[in-house]
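Shown next, in structure tokens, is the structure this report addresses.
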Amino acid sequence: MYAKSYVFFKRCIALLSMIMLLIVSLDERNLPDPDGARIIAKQRYVLEDYYMSNQGVTNDGTYYYFSGKKNLGKADMRTGEIFRINTSPIPKELKALGCDHIGGLSCYNGIVYAAVEDGPEYLHPYIVLYDANTLEYTGKCYELPQELHTEGVPWCAVDAQQKLLYTAEWSNATVLNVFAIDDLRLIKTVPLSAPIDRMQGGEMFGGKLYLSCDEENDLKRVFSIDVRTGDVQVVFTRNIGRSFEAEDLTVYADTDGEPVFCVLDRGARRKSMNLTQYRLV
């Protein structure tokens, strides 16, 4: 009896997922093409997968790592299927400080670096380290200077070549914060050539930092920062509309070594997540 009930339950979930995915597809059928890039693939997440993937994303070349507000998930990059989760990843000592939100992620040397913050006063910005294999907390976390993160720490990005980690203010950021990867001590700040608003996620690729921004208009552009000089450039414009919420992004190299940008968005109905892959044109 239990086995039959379980199979029936799984079939119901699968049917509901199909219906949700159909509704989402109809919502997005008339989205314009991006300016400066083209869409090559899209993975959609609904129901329980939505709650594992609605904030952050990073990759190690084999797996995607996702964050929900209070969850972590791991997926096969070939299929996009989330196969491992952690539904209570925020350490209890940070929960005691009011930390209740996981933002953007970055991955380096078998460790997932997660931006964790409290709210609404944003007094305790943290970077928390998780084992990439198990998604379990490693026991290491680092509090960042609150005066540099007055609106929390929505994302972080590891620079593997330089052994650095970058953050910035969420709203109208004018500097890039640069930390040593070994102990997260602040090394310097780099002035930006232009302010960037509503940064939701960043990832290093080819010596540049790429950023996804949730602009309060239709554009939702992807920017780049030269981490040495602070030069800011628009990489491509997605034109997805203000009803979508841009979240984190990650980048990987295709077979020719060219970047593929994977941008995470909350769908128009706020019931689905899109992981859309773009190549530059």
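The values are calculated or read from the model by the stated rules, or taken from the named source; none is laboratory data. A quick note: this is a predicted structure, and the numbers were derived from the prediction, not measured. Note that we place each Cβ from the backbone using ideal geometry, even for glycine, and neighbour counts take in every protein chain shown.
Would you pick out the residues in region 238-259 that are closer than 25 Å to residue 159 by Cα and not β-branched (Val, Ile, Thr)? Walk me through it before giving the result.
The initial filter retains those residues of region 238-259 that are closer than 25 Å to residue 159 by Cα, namely 246-259.
Residues satisfying the conditions are 246, 247, 248, 249, 252, 253, 254, 256, 257, 258, 259.
Only one residue in 138, 134 is among the polar types (S, T, N, Q), surrounded by 13 or more Cβ atoms within 10 Å (Cβ to Cβ) and out of contact with any helix residue (DSSP H, G or I) (no Cβ under 8 Å at 6 or more places or on another chain). Which one? Before you say what the answer is, go through the steps one by one.
Numbers: 134 fails: surrounded by 13 or more Cβ atoms within 10 Å (Cβ to Cβ).
The unique qualifying residue is 138.
Scan region 72-90 for residues that are closer than 21 Å to residue 253 by Cα and of a type in the set (Lys, Arg) and jot them down.
74, 78
Is at least one residue of region 63-74 more than 14 Å from the chain's Cα centre (by Cα) and part of a loop (DSSP other than H, G, I, E, B)?
no
Identify all residues within region 32-62 that are in contact with a strand residue (DSSP E or B) (Cβ under 9 Å, 6 or more places away or on another chain) and part of a loop (DSSP other than H, G, I, E, B); write none if there are none.
Passing the criteria: 33, 34, 36, 53, 54, 55, 60, 61, 62.
Identify, please: which residue in region 227-276 is touching a Gly at 6+ places or on another chain (Cβ under 9 Å) and acidic (Asp, Glu) and is, among those, surrounded by the most Cβ atoms within 10 Å (Cβ to Cβ)?
Of everything passing the filter in region 227-276, 248 is surrounded by the most Cβ atoms within 10 Å (Cβ to Cβ).
Scan region 183-195 and give yes if some residue there is in contact with a Lys or Arg (Cβ under 7 Å, 6 or more places away or on another chain), surrounded by 14 or more Cβ atoms within 10 Å (Cβ to Cβ), of a type in the set (Val, Ile, Thr) and not in a loop (DSSP other than H, G, I, E, B), otherwise no.
So in region 183-195, the residues in contact with a Lys or Arg (Cβ under 7 Å, 6 or more places away or on another chain) come out as none.
Within region 183-195, not a single residue is in contact with a Lys or Arg (Cβ under 7 Å, 6 or more places away or on another chain), surrounded by 14 or more Cβ atoms within 10 Å (Cβ to Cβ), of a type in the set (Val, Ile, Thr) and not in a loop (DSSP other than H, G, I, E, B).
For (1) among the acidic types (Asp, Glu); (2) within 19 Å of residue 224 (Cα to Cα); (3) touching a Gly at 6+ places or on another chain (Cβ under 8 Å); (4) surrounded by fewer than 20 Cβ atoms within 10 Å (Cβ to Cβ), each residue gets a yes or a no:
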| position | (1), (2), (3), (4) |
| --- | --- |
| 145 | no, no, no, yes |
| 148 | no, no, no, yes |
| 158 | no, yes, no, no |
| 161 | no, yes, yes, yes |
| 165 | no, yes, no, no |
| 173 | no, yes, no, no |
| 176 | no, yes, yes, no |
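Mind listing whichever residues of region 257-280 are at pLDDT 95 or above and part of a loop (DSSP other than H, G, I, E, B)?
Within region 257-280, 257, 258 meet the criteria.
Here is a check on your reading of the model: is residue 133 more than 13 Å from the chain's Cα centre (by Cα) and free of Cβ contacts under 8 Å to residues at least 40 places away in the same chain?
yes
If you take the residues of region 203-230 that are in a strand (DSSP E or B) and of a type in the set (Asp, Glu), which of them is farthest from residue 105 (Cα to Cα)?
The initial filter retains those residues of region 203-230 that are in a strand (DSSP E or B), namely 203-205, 208-213, 222-226.
Restricting the remaining residues to those that are of a type in the set (Asp, Glu) gives 203, 226.
On the way: 203: 9, 226: 20 Å.
Checked region 203-230; the qualifying residue farthest from residue 105 (Cα to Cα) is 226.
Within region 57-67, is even one residue modelled with pLDDT under 95, more than 16 Å from residue 133 (Cβ to Cβ) and aliphatic (A, V, I, L, M)?
At the first step, the residues of region 57-67 found to be modelled with pLDDT under 95 are none.
No.
Return the only residue of 233, 200 being more than 26 Å from residue 54 (Cβ to Cβ) and in a strand (DSSP E or B). Spell out the reasoning first.
Values: 200 fails: more than 26 Å from residue 54 (Cβ to Cβ).
That would be 233, the only listed residue that is more than 26 Å from residue 54 (Cβ to Cβ) and in a strand (DSSP E or B).
Select from region 261-281 the residues that are under 15 Å from the mean Cα position of the chain (by Cα) and β-branched (Val, Ile, Thr) and write down the one among them that is farthest from residue 57 (Cα to Cα).
Checked region 261-281; the qualifying residue farthest from residue 57 (Cα to Cα) is 276.
Could you grab me the full set of residues in region 101-143 that are closer than 14 Å to residue 89 by Cβ, in a strand (DSSP E or B) and of a type in the set (S, T, N, Q)?
Listed by number, the list holds a single entry, 138.
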